[in-house]
Every structure is written in C-alpha cells, then in structure tokens.
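The values are calculated or read from the model by the stated rules, or taken from the named source; none is laboratory data. Just so we're clear, the structure is a prediction, and the values are computed from it rather than from any experiment. Neighbour counts run over all protein chains shown; Cβ positions are idealised from the backbone, glycine included.
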Amino acid sequence: MKLPHSKTQKSAKKTAVSEPPWISIIGNPNSGKTAIFNHLTGSNHKVGNYPGVTVEKRTGWLKGRKIMVHDLPGAYSLNPKSQDEKIVADAVQSWRFPGQRPLAVLAVVDATNLSRNLYLTLQVLEWGIPTIVVLNMMDEVRKRDIAIDLNLLRERLGAYAVIPASAKTGEGMKAIVEALLSLTAPAEFYPDESRFTIDEARLAPLAELIAFLETHRRRAAFFPLMDSLRLAAEDRYAAYLQPFLEPEEVTLVSEKVQQARRQYAEMGISCKALESTARYAYIDSVLASTFSEDKIEKKSFSERLDSVVSHPLGGPLILLLILGFIFNAIFSWAQYPMEWIESGVGWIGARANALMPEGVLKSLLVDGVIAGVGNVVVFLPQIVLLIFFISLLEDSGYIARMAFILDRLMNKIGLHGKAVLPMLSGFACAIPGIMASRTIDNWRDRLIAILLIPLMSCSARLPVYVLLISAFIPQTTFWGFLQLQGLVLAGMYFLGFFTAVVISLLIKKFKPVKSTSQFILELPPYRAPMLRSVWWKVYDSAKLFLVNAGSIILAISIILWFLASYPQPEESAGLTAKEKVEQSYAGRIGQFIEPVIEPLGFDWKMGVGLIASFAAREVLISSFATIYNLEAGDDENIVPLIEAMRNDRYPDGRPVFSVLVAVSLMVYFVYAAQCMATFAIVKRETNSWRWPLVMMAYMTALAYLAALAVYQGGRLLGWG
C-alpha cells in the first residue's frame, strides 16, 4: 500500500501553557538558520558559508514581541549521528511531554537543494505543530531559473505556510513575523499523518509493533509508524519511549523489535535504510509536481572555480599563497594603525605623568594601567585583520575547500576528516573549535580532536608573536613581496598544525583504530561575503579583545603593578628603580623559577609573564610593559616596549633578548596550554577533569621541551 500524504496541517486543540511562548528554528547545516535567527531577534551570532557553525542551542526574543526563539544546531535528520544532531533530536523528542511544545517551528531549507533539505522538514511536520517552511536563498533560485510552485508545495507538505526568503537580502522576514503572530498558543499533542511512500510488504515485519503503539497512541504520545521504523533501526531510540511505558511494556516492545529485525534480515532489507528510502520516495513525488529547473547541462561558477581551487596539485599551492598573503598583510597593513595607537598610549601616559603629583596613585595609573593595558591594545589592528580575513574565507565558502584539501592529509595520518573544520576554527579561538567537534560522531576521534585543537595558534597568541617578531626579526623582503616577518609568523601557525599531525600519526601507529566512519563534506557554492556578517564578526572580536583588555588584563596589570612595586623596605632608598623591582614580590617569584626556565633562554621577567599569562596569553605583554616602566623610574614617561626589550641587559652586559630567545619564547607559546577558558570548555565537553589535566600536562611538557631544543640547539649552532 501507499500511505497518503497530508493535505493540510491538522488543526489541533489548543491548551493553555505557561508564558512565554517559543518557536524553534530547525534546518540542515549551512541552510541559513542562524542568519534568519539574527534577522528575527536582532542578534549577531556567527554565521558562515560552511556546515557546522552552530553546534549548540541559541536563544533570543522575537523583535518587539514576548516570543522566545530557539536556534537549534544544524541537522540532516532526527536520527542523530553526532553530538550536535543529538541536541536537535532530544529537543524535538521533548515535545512529547505536556507544556514542552513550541508555538511553531520554522523549518529553514536551502531552496537550491530541496531534495536533501525536505527530509528533515518532513520529520518535523509529522509532529502536528504549525510549521512554517522558509525557502531560504530564493535570490539564488531565481538566478538559476528554478521554478517552485509555492501553493502546491504547501499543500503537498501540509505546512502552515511556505515563505520564500533570503537571509542575505532580508526578503521574507516580515512575512515570517506576520505568520508567527497569526498563531496564538502551542498545539496539544496530536501527531500528523506520516509522510512516507512505502509498500505493504516492507511494513509487514513491523505490523505487530505498529499495532501495539497504535493502541497507546494518545496515552503515550506515539507515532506508530515513525516510531516503529526508528526502533527497528536504532537501539537508543527506545529511550525516548520508555517514560511512557510500563516495565513489562518495555520488554514487550523490545521483543517485537527483535522479531522485526530477524524478519528483515531474512528478507535482505536494511532496517536503517527503511525510513530514508520511504521518505526520499515521498520527496521525489512532491518535487515532481512542484519543482522545475532548466536542464541545460553547464557547469556552474562554483564548479568551474573548484576545478582549479580544489585541484590535487593546484589546490594546496593556492592555499599556501592565500595564507602567505594573509600573514604578510597582518604586518604590512597593521603597521600604521599600530603606530597611531602606540603614539596615543604614549601621549596619554605623558599627560598623566605631567598632571598628576608623584606618588602611588600616579605609578599605578601610568606604570600599571596605562602601560599594562595600553601596550596590549596596540595589537588590536592585527586582531581585526586576522578575523577580517578569516571571515572572508568563511563567508565566501573557501573555508570548506580548505577542509577538503586538508582532508586528504587527515585521512593519511589517522585524524577524522570531520576534525578539519573544528581545527581551522581553532585558529581564531580554541573554544568554538572544541565545541564544533560535536559534529564528530566517534567519541575517540572527537577526544583526539579536542586535545589537538589548542595546538592551533589562536588570536590570543597573535599579539605575542607580533611583539617578538617586530622587535627581533629583521624586516627583510624576498623576491620583492615576501616579508621575513610574515614568514616567521606563518611558521608559528604551521608549527602548531604540524605538531598536531605528528601526534595524530603517533596515535595511529601505537593505538590504531579498527574502523572509522567516512567523512562527507558538502562544498557550499561560492558566495560574495555578506558585509553585515563580516562586520559583526570583526566587531565582536575587537569588542571581546577590548573587553578583555578592560577587565582581565586590567585586573592582572594592577596585580602585577602591586607585586612589582612592593615591598618597599626602608633600606631600599639607595637602590635604583631596577633593583627595587628585582627585590619586589614579582622579582622574587620570577627569580625563584628562573633556574627552571633559564635553559630555555628566559630570565625572571619572562617567568613572571609566563605565570601571569595563564589568565590570558596577552598578559605576557602587559607584564613586560609594567615591569619595564617601573624599572625606568619616576622620571620616565611611558617606555616604548620594543625599545625597552631591545635595550634590556643582564648584569654582565649580555642582552636579555635576542633572535634566538624570541624564537624560543614564541615556540613555547605555540605549545603552552595557557588559557583557563579552554580548560573549562574541555571539562564541559568531556564531562571530566581528567582530560583538561591531560591537556595541560602534555602541552606544558611539549612547550618546555620544544623551547629547550630550540634554544640549546641554536646555541650549539652558534646562533646564541
């Protein structure tokens, strides 16, 4: 038999629920859910032209209305295969319980790929909740001469409304709000008819299970056919139904499921493919009557460009050229803004120094706050440029091509292909990268990715690299366009990635995996970056950097100033400012650990900076600035940090810093686990303190040994 499709969304009884009402936004990865969520709520959450940007539920309020909006992670199906899809499946399954049903569902679909996107939409429609199907990217549909019969599509799906939209242009946003406001209260549980095309013979093994669930349909909030298919396909699905069954009924259901599986095995039918086969057959019948497209065979712009950009030989070369351009631009383009900010910080320090009377408060403000925070803010242009370029790569769709190119390498070294995008995200910040690892369905592969992502040099490391490179790496240019400083910066980023590759190879060799799931990556079409999206990404990153400077770094700078200024015993009157700092609490702490870090080429000031930078990596700069300004004495204004580092000397006249020491310190920061927020997110994602401690131990040991090898090896070669 063929199950009939639903002609209309069943009108459900209404029931009073506690305020506020809420709606759920559901859709495939990279369908534009979050962009529409931002339009509806006025939020500025990150969006990107690649799958897996949203990996946790986000919440906001419909503009000007007391209606809450939930943006769920992207999912291809309600049959979860990864952690982020499980979040969606769990959220939907909670709708079985009284008071847990949303006012409506926004099913966002990529209108250029209805065949794939409608699978999830059909699963959602069956819940009997008013569902508004949002056909996103309609601007691209029109460019491709695709015709969609919206009224017939609404009728065939049984949706509350079908709205053409474009998150890029804002088309359809007003219509979505109007459709939502036409609803009044969440529907009482009333499952709609299943949307399948399946013959009677393939359903025969499930007949007893379907009949049992049918008798409990209203009491237990069951979907007899859908639940039967998923029970046969997945053992874990039974957990969703257990709250509604007595213990003996759970046993009975389990027996009927096993019986059905045996019959399907005898028939040579895969239980896991039953639902997908039936749904895609139904989707084909819907699209046959509602969708038409110009069938002229011609390659799209994305396909033509991919033939070059994703080429096995040309692709990696283009990737290297793009990265080389970015790292060179970070130095050359940011030079003047950095100088302007540095001059501004110096002017503020000079004015404060001239206007304030001598004393503790003046020293705190000039040497602690202005010097400590100001010398960190100087590196804002580099942060802005880095995030700007990353945003362009994300929104254009090239970031997915980077993942495709690197997947060939990942496959050879034993790292799951799905780890590529999280690791690339780690170059901006390890935290979203670690959260993005939820897309990896195998726990072992995901854990390896979580432990390796912090090796990617995040934006917090960038100011440290730039400071040391600007101070000690010559401004040499090769072939008229390649800067040595940019190459060294690229080397620091490559070093972290290369180390992750080596560690993964070692894991593969000594603890190989018997089998692993295949990595399938959807390459989105190339799109012109949305200026609004790029702006908000850059703005949010700059704001976060400045907020950290005004909170964490400010607090640490004040603490460092106190530790570097006290105690002040009476006998210190005859000491120089530098000697006073050496005898301060900070000086004593630094000199206490100096024997441990001296083999790395580090002095006590660097030791103080390493300890302080556990709060935030940028604090290393703040600690240097505070200590050098205090050492300069009361008669000095804000001391240029790079100049102070170049002029610093040991008592025997040797320079404290050199090219070799700078490289050793940068290598240490490539590996060191100096981010408390990262430890916290690893604990949350692994639900254990074991793995944050493992990460801290192996990264700290790696940082020490690598810096030791660089410094001592360099000295042996006569570079010291």
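Check every one of the helices (runs of 4 or more DSSP H) wholly within the range 465-568 and list those with 3 or more residues that are out of contact with any helix residue (DSSP H, G or I) (no Cβ under 7 Å at 6 or more places or on another chain) and more than 26 Å from S622 (Cβ to Cβ). Before you say what the answer is, go through the steps one by one.
Values: elements: 484-510, 531-550, 552-565.
Once the helices (runs of 4 or more DSSP H) in the range 465-568 are filtered for at least 3 residues that are out of contact with any helix residue (DSSP H, G or I) (no Cβ under 7 Å at 6 or more places or on another chain) and more than 26 Å from S622 (Cβ to Cβ), what remains is 484-510, 531-550.
Here is a yes/no grid of residues against (1) surrounded by fewer than 21 Cβ atoms within 10 Å (Cβ to Cβ); (2) within 20 Å of L665 (Cα to Cα):
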residue: M456; (1), (2): no, yes
residue: G486; (1), (2): no, yes
residue: F498; (1), (2): yes, yes
residue: L506; (1), (2): yes, no
residue: W535; (1), (2): yes, no
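From the list A273, A238, A281, pick out the single residue that is at pLDDT below 90, surrounded by fewer than 16 Cβ atoms within 10 Å (Cβ to Cβ), aliphatic (A, V, I, L, M) and part of a helix (DSSP H, G or I).
Working: A238 fails: surrounded by fewer than 16 Cβ atoms within 10 Å (Cβ to Cβ); A281 fails: at pLDDT below 90.
From the options A273, A238, A281, the qualifying one is A273.
Per the conditions (1) free of Cβ contacts under 8 Å to residues at least 12 places away in the same chain; (2) within 30 Å of I198 (Cβ to Cβ), the sole criterion not satisfied by V308 is (2).
Results for (1) in contact with a helix residue (DSSP H, G or I) (Cβ under 6 Å, 6 or more places away or on another chain); (2) within 21 Å of R446 (Cα to Cα); (3) assigned by TED's automatic domain parsing to the domain that holds N44, shown as yes or no for each residue.
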residue	(1), (2), (3)
R58	no, no, yes
K63	no, no, yes
K66	no, no, yes
D84	yes, yes, yes
Q93	yes, no, yes
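Between G609, G590, the distinction of being in contact with a Phe, Trp or Tyr (Cβ under 7 Å, 6 or more places away or on another chain), among the small types (G, A, S) and either over 29 Å from S343 (Cα atoms) or not in a helix (DSSP H, G or I) (or both) belongs to G590 only. Among the residues of the range 285-303, those that are at pLDDT below 85, of a type outside the set (D, E) and assigned to a helix (DSSP H, G or I) comprise F301, S302. Against the criterion of being within 15 Å of H39 (Cα to Cα) and small (G, A, S), A165 qualifies.
Taking the range 187-225 as the range and being at pLDDT below 75 and either in contact with a strand residue (DSSP E or B) (Cβ under 8 Å, 6 or more places away or on another chain) or in the same structural domain as M267 (by TED's automatic domain parsing) (or both) as the test, the residues that pass are A187, E188, R217, R218, R219, A220, A221. All of V682, V659 fail the test of being crowded, with 19+ Cβ neighbours inside 10 Å and β-branched (V, I, T), apart from V682. For the range 149-164, residues that are over 17 Å from L125 (Cβ atoms) and either among the acidic types (D, E) or buried (at least 20 other Cβ atoms within 10 Å of the Cβ) (or both) total 1. Applying the criterion of being modelled with pLDDT of 90 or more and under 10 Å from L231 (Cα atoms) to the residues of the range 241-255, the residue that is surrounded by the most Cβ atoms within 10 Å (Cβ to Cβ) is V253.
Conditions tested, residue by residue: (1) at pLDDT 90 or above; (2) within 36 Å of the chain's Cα centre (by Cα).
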| residue | (1), (2) |
| --- | --- |
| E570 | no, no |
| T576 | no, no |
| A612 | yes, yes |
| N629 | yes, no |
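Among the residues of the range 160-181, is any more than 30 Å from F301 (Cβ to Cβ), of a type in the set (G, A, S), modelled with pLDDT under 85 and not in a helix (DSSP H, G or I)? No, every residue in the range 160-181 fails to be more than 30 Å from F301 (Cβ to Cβ), of a type in the set (G, A, S), modelled with pLDDT under 85 and not in a helix (DSSP H, G or I).
Looking across the range 689-711, the residues that are within 21 Å of M492 (Cα to Cα) and surrounded by 17 or more Cβ atoms within 10 Å (Cβ to Cβ) come down to M695, M696, M699, L702, A703, Y704, A706, A707, L708, V710, Y711.
Within the range 551-565, residues that are farther than 15 Å from F624 by Cβ reach partners that are in a helix (DSSP H, G or I) and of a type in the set (S, T, Y) with beta carbons closer than 8 Å, at six or more positions or on different chains, in the pairs F562/Y585; S565/S363. Evaluated against (1) without any contact (Cβ under 8 Å) to a residue 60 or more places away in the chain; (2) within 18 Å of Q568 (Cα to Cα); (3) in contact with a Phe, Trp or Tyr (Cβ under 6 Å, 6 or more places away or on another chain), Q583 falls short on exactly one condition, (3). Quick check on D441: is it at pLDDT below 85, touching a helix residue (DSSP H, G or I) at 6+ places or on another chain (Cβ under 8 Å) and either closer than 27 Å to P524 by Cβ or not assigned by TED's automatic domain parsing to the domain that holds K86 (or both)? For D441, the condition - at pLDDT below 85, touching a helix residue (DSSP H, G or I) at 6+ places or on another chain (Cβ under 8 Å) and either closer than 27 Å to P524 by Cβ or not assigned by TED's automatic domain parsing to the domain that holds K86 (or both) - is met. Residues that are modelled with pLDDT of 50 or more and farther than 30 Å from E522 by Cα were ranked within the range 1-41; the one that is surrounded by the fewest Cβ atoms within 10 Å (Cβ to Cβ) is S18. Just so you know, in the range 405-427 the residues that are at pLDDT 80 or above and buried (at least 24 other Cβ atoms within 10 Å of the Cβ) include one that is farthest from the chain's Cα centre (by Cα), and it is M423.
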